Amino acid sequence: MFNSFGQGRGLTLLTYLSIGWLLINWWPHDNLHRVVRFDFGRLIWIEYGFHVTLIAAAACVAYFFVTTLRVMQARTETTVVRSAAPVPLTP
C-alpha cells in the first residue's frame, strides 16, 4: 500500500492517519460538547483542538493527492513521449 502511490512511506502513512481522523473525530468532539456544556473557557479549547487538527489533516490529504496527481501525470507524459517516437518504416 505504501509504495503504490509513488509517495514516501511517511507521507502515505500520515495521509492514512489523517483520513482516519477526519472520519472519526466527530465522536469525541460531540461527546466533549455534552460533557462541557456551557463552560466557554473549556469549550474554546475543545473547538481549537479539534478544528485546528481537522484543518491540518485536510491540508495533508490535499497535499498527498496533489503530489500523487503530479507523479501520475509525469508517468503518463513519459509513456506518451516513448510511444510517440517515430517508427522507422521498412520497405
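Throughout, read-outs are computed from the coordinates displayed, never taken from laboratory work. Keep in mind the model is a prediction, meaning the values are calculated, not measured. Neighbour counts run over all protein chains shown; Cβ positions are idealised from the backbone, glycine included.
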For the stretch 5-21, how many residues are part of a loop (DSSP other than H, G, I, E, B) and crowded, with 17+ Cβ neighbours inside 10 Å? 1
Out of contact with any strand residue (DSSP E or B) (no Cβ under 7 Å at 6 or more places or on another chain), in a loop (DSSP other than H, G, I, E, B) and either under 30 Å from Ala74 (Cα atoms) or not small (Gly, Ala, Ser) (or both) - does that describe any residue in the stretch 38-55? yes
State which residue is farthest from Thr67 (Cα to Cα) when the search covers only the stretch 22-52 and only residues that are within 21 Å of the chain's Cα centre (by Cα) and loosely packed, with under 15 Cβ neighbours inside 10 Å. Trp27
